[in-house]
1. So, of the residues in segment 83-106 that are within 14 Å of the ligand (Cβ to nearest atom) and in a strand (DSSP E or B), which turns out to be surrounded by the most Cβ atoms within 10 Å (Cβ to Cβ)?
2. In segment 239-256, what residues are surrounded by 16 or more Cβ atoms within 10 Å (Cβ to Cβ) and not in a helix (DSSP H, G or I)?
3. Of all residues in segment 124-157, which are buried (at least 24 other Cβ atoms within 10 Å of the Cβ) and more than 14 Å from Asn107 (Cβ to Cβ)?
4. Given the criterion farther than 17 Å from Glu177 by Cα, in a helix (DSSP H, G or I) and within 16 Å of the ligand (Cβ to nearest atom), identify the matching residue among Phe80, Phe37.
5. Can you tell me which residues in segment 178-194 are touching a Leu at 6+ places or on another chain (Cβ under 8 Å), near the ligand (Cβ under 10 Å from one of its atoms) and within 17 Å of Leu62 (Cα to Cα)?
6. In contact with a Gly (Cβ under 7 Å, 6 or more places away or on another chain), outside the structural domain of Leu341 (by TED's automatic domain parsing), within 16 Å of the ligand (Cβ to nearest atom) and among the hydrophobic types (A, V, I, L, M, F, W, C): is that true of Ala157 in this structure?
7. Tally up the residues in segment 260-283 that are under 30 Å from Gly195 (Cα atoms) and free of Cβ contacts under 8 Å to residues at least 60 places away in the same chain, please.
8. Give just the number: which of (1) assigned to a loop (DSSP other than H, G, I, E, B); (2) modelled with pLDDT of 95 or more does Leu2 not satisfy?
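The values are calculated or read from the model by the stated rules, or taken from the named source; none is laboratory data. No experiment lies behind these values; they were computed from the predicted model shown. Cβ sites come from the backbone with ideal geometry, for glycine too, and all protein chains shown count toward neighbours.
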Amino acid sequence: MLDLAAEHAALQPALDEAIQEVLRTAAFIQGPAVGAFAAELGEYLGGAHVIPCANGTDALTLALMSLDLPVGAEVIIPAFTYVATLEAAALLGLKPVLVDVRPDTFNVDPAAVAAAITPRTGAIVAVHLFGQCADLKALQAISTHHGVALIEDNAQAIGATFQMTNGKTAVAGTVGEVGTTSFFPSKNLGCLGDGGALLTRDPARAALLQQLANHGQSRKYHHQRIGLNSRLDTLQAALLRVKLRQLSANTAARQAVAARYDAALADVPGISIPARDPRSTHVFHQYTIQVAEAGRRDDLQHFLKGCGVPTMIYYPLPVHAQPAYQYLGYRAGQFPVAERLCGAVLSLPIHPLLMAEQQDYVVEIVQQFLQ
Ligand SMILES: *Cc1c(COP(=O)(O)O)cnc(C)c1O
């Protein structure tokens, strides 16, 4: 699915140097690389404030904490996402309110979000799934109209952009009150362990998030708020500085792989290639096809595996069907699109170093199975 060892081999001297520098200075927590990385990523993302933290799940938790919502406030969340999006809200005693997604882009359906707004709604969490922005224009309009905060879970779409009105280009994660991201090793910008960050355009919220991520302290041993111990290690920040320099080239390489898949698979009967929203760029964290015929997806995955082609199913079970979230009281059939997608999606190998011959082989096996 991805070849992190090869990616890191190419960067080995710079990564080694970064590690040695951290060892020399021994500032393992909040060392200078953390601030330097935050500034560099902020610049990469068009001037956003970046607050590093321990992982993408903490980033979601901290984003919601910064809104000061009352216990039981409703948080609108897509039914087709990674569990972390839901987990953060649930842990804070907020009420996840699930809404269905669009069958073409996999992203949250703005009409469903608008229909789910109540006087108790405290936030909307949009997820830019697989590397493509959710409909930020519609979501921002709903957020503004109802005075409800928009949080963007941008763990999968770092660097993606979206055409807003008047030809304005927005950067994923910087449109809503807070954006969150993850540096889990397999993400488009991954560290060599766990890491995450918060994004915001508002300097006051940036200061609040910084405080919340560090025990709610304004200065050492002075605690204004109940916070978390959620910091990005200096070592990870130092490694991320090296990897950030590669991100644009890696994104372009992923996009080239996706374009080759598109061309080869567009006309193969029985599957559909990922839909592109013309207003969004797509950074292709995943290249996810849909297998039309129910039950056939698992057979295709099995066939590919037998031929040595790894694939993944993101996600096999919708969040409302997970045992941990039965208490929300949802039933099967309530989110028909999310439920169907869980049985239809298959993510093919995609990474910056995937070679054309390897890709041709994947395509050949897929075609063989479907003919
Ligand atoms: C990876 C991911 C997260 C969680 O990030 P961690 O760093 O693993 O905690 C949250 N949301 C989405 C959509 C993700 O893909």
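1. Going through segment 83-106, the residues within 14 Å of the ligand (Cβ to nearest atom) turn out to be 83-91, 96, 101, 106.
Keeping just the survivors that are in a strand (DSSP E or B) gives 96, 101.
Numbers: Pro96: 21, Val101: 24.
Ranking the candidates gives Val101 first.
2. Gln246
3. Across segment 124-157, the qualifying residue is only Ile151.
4. Values: Phe80 fails: in a helix (DSSP H, G or I).
Only one candidate passes the filter, namely Phe37.
5. Across segment 178-194, the qualifying residues are Thr180, Thr181, Phe183.
6. Working: in contact with a Gly (Cβ under 7 Å, 6 or more places away or on another chain): yes; outside the structural domain of Leu341 (by TED's automatic domain parsing): yes; within 16 Å of the ligand (Cβ to nearest atom): yes; among the hydrophobic types (A, V, I, L, M, F, W, C): yes.
In short, yes.
7. Looking only at that region, the number is 0.
8. The one condition Leu2 does not meet is (2).
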